[in-house]
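What follows is one structure encoded as structure tokens, with my remarks underneath.
The values are calculated or read from the model by the stated rules, or taken from the named source; none is laboratory data. Given the structure is predicted, the values throughout are model-derived calculations rather than measurements. In this analysis, Cβ positions are derived from the backbone assuming ideal geometry, glycine residues included, and neighbour counts consider all displayed protein chains. These area figures cover heavy atoms from the full protein model, side chains too; ligands, DNA and RNA do not enter into them. Shrake-Rupley method; radii C 1.70, N 1.55, O 1.52, S 1.80 Å.
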Amino acid sequence: MSRAATKWKCVLCNNTIYWDELFTYLKNGVSHYTCLRDKAMKNTKIDNKEMQTLLDSLEEELKSIVYYKQKLSSLQDEEIKKTLDQIEKDAEKNAGILTRLIEKYSDISS
């Protein structure tokens, strides 16, 4: 079974990003969560524990996005679909906020 690839390559490792992977949108492109995590921890400008908290929070939001997207396709009830779709959009917004903080408090370009 082949994996479904997105149209993006990771700006940090230059490998293809697949839909079943956790990924986020940086200012300069799209990144695997794991690449962002590794780079941010190596180049953090804040206490490691604080950076780890930001990264853990981002990972949970990204997992939620994947979960809701998977569940939405199997639902029939429109009210439930709309509600879960809105919750998924909120998780995307939260992931964006966390990603910006991680970018701010680490030197991703190094």
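Structure data summary
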quantity: Cβ-Cβ under 9 Å pairs, at least 6 apart or on other chains, region 4-33 side more than 17 Å from Lys69 (Cα to Cα), far side assigned to a loop (DSSP other than H, G, I, E, B) and of a type in the set (Ser, Thr, Tyr); calculated: Asn28/Ser109
quantity: Ala4, sole failed condition from (1) touching a Leu at 6+ places or on another chain (Cβ under 9 Å); (2) aliphatic (A, V, I, L, M); (3) open to solvent by 50 Å² or more (accessible area, probe 1.4 Å); calculated: (1)
quantity: Residue satisfying condition, being within 18 Å of the chain's Cα centre (by Cα), in a loop (DSSP other than H, G, I, E, B) and among the hydrophobic types (A, V, I, L, M, F, W, C), within set Ile108, Ile102, Ile65, Ile46; calculated: Ile108
quantity: Boolean, Val66 is modelled with pLDDT under 95, surrounded by 15 or more Cβ atoms within 10 Å (Cβ to Cβ), β-branched (Val, Ile, Thr) and under 25 Å from Arg3 (Cα atoms); calculated: yes
quantity: Matching residues in region 34-58 - criterion: being buried (at least 18 other Cβ atoms within 10 Å of the Cβ) and either touching a helix residue (DSSP H, G or I) at 6+ places or on another chain (Cβ under 9 Å) or touching a residue at least 40 places away in the same chain (Cβ under 8 Å) (or both); calculated: Leu36, Arg37, Lys39, Ala40, Thr44, Met51, Leu54, Leu55, Leu58
quantity: The listed residue being part of a helix (DSSP H, G or I), acidic (Asp, Glu) and touching a Phe, Trp or Tyr at 6+ places or on another chain (Cβ under 7 Å), out of Glu79, Glu59; calculated: Glu59
